[in-house]
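Colleague: Mind having a look at this structure? Questions to follow.
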Amino acid sequence: MKSRYGIPTRQKGIALVEFAIVGAIALMMIFAVLEIARAIFVANALTEATRRGARMAAVCPINDPAIAQVATFNAPGAGNTSPIVRYLDTSDFVLEYLDRAGNVIGSPDDNFVAIRYIQLRVVNFEHELLFPFANITFTMPEFSTRLPRESLGVPRSGEITPC
């Protein structure tokens, strides 16, 4: 027995079921592509954040709080959370002052002359995927930038200037 459109009556709802299966798979693939693109964006933003912060650390006084604020894409004194990368704040950054051999200087204030490099790292940053009905987070790899020191906030006149 056939329906009015020539489709057997026993198979009337099969197209709807097939569409539901294929549509769900297609939507999951679209969301996966979007999330991969967003993860790549976050990775690039974290790389840029370490570059910005290391550049700021090379010219600002040692351990100036403005360094981490600029690294989070804010102006100095404007805030501690990033307006660009969700959940990125100043506590995610590790600032290290290194000697000529690349060893971390334990007390950079006391060993000002020994500082040759500045290294800023983003460590243990948790990236949250925005899949519907799933709460998936993973730790991004460590991002770091190392630059040679410059003035460290001390101009030629010898007075420390805040950033």
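Colleague: Please work out which one of (1) open to solvent by 50 Å² or more (accessible area, probe 1.4 Å); (2) within 18 Å of LEU46 (Cα to Cα); (3) in contact with a Phe, Trp or Tyr (Cβ under 8 Å, 6 or more places away or on another chain) is the condition VAL104 fails and give its number.
Modeller: Of the numbered conditions (1) open to solvent by 50 Å² or more (accessible area, probe 1.4 Å); (2) within 18 Å of LEU46 (Cα to Cα); (3) in contact with a Phe, Trp or Tyr (Cβ under 8 Å, 6 or more places away or on another chain), the odd one out for VAL104 is (2).
Colleague: GLU96 passes all but one of (1) within 20 Å of the chain's Cα centre (by Cα); (2) within 30 Å of ALA37 (Cβ to Cβ); which number fails?
Modeller: (2)
Colleague: Checking the conditions here, which among ALA20, ALA78 is at pLDDT below 95, small (Gly, Ala, Ser), open to solvent by 50 Å² or more (accessible area, probe 1.4 Å) and assigned to a helix (DSSP H, G or I)?
Modeller: Details: ALA78 fails: assigned to a helix (DSSP H, G or I).
ALA20 is the lone residue from the list that is at pLDDT below 95, small (Gly, Ala, Ser), open to solvent by 50 Å² or more (accessible area, probe 1.4 Å) and assigned to a helix (DSSP H, G or I).
Colleague: Moving to a separate point now. Residues in segment 105-124: is at least one without any contact (Cβ under 8 Å) to a residue 40 or more places away in the chain, under 30 Å from ILE36 (Cα atoms) and within 17 Å of the chain's Cα centre (by Cα)?
Modeller: Checking segment 105-124: at least one residue is without any contact (Cβ under 8 Å) to a residue 40 or more places away in the chain, under 30 Å from ILE36 (Cα atoms) and within 17 Å of the chain's Cα centre (by Cα).
Colleague: Test each condition in (1) assigned to a loop (DSSP other than H, G, I, E, B); (2) β-branched (Val, Ile, Thr); (3) open to solvent by less than 80 Å² (accessible area, probe 1.4 Å) for VAL94 and report the one that comes out false.
Modeller: (1)
The values are calculated or read from the model by the stated rules, or taken from the named source; none is laboratory data. All of these numbers come straight from a predicted model, not from anything done at the bench. As a convention, Cβ positions derive from the backbone with ideal geometry for all residues, glycine included, and neighbour counts pool all protein chains shown. Side chains included, ligands, DNA and RNA excluded: accessible areas come from the protein's heavy atoms. Shrake-Rupley method; radii C 1.70, N 1.55, O 1.52, S 1.80 Å.
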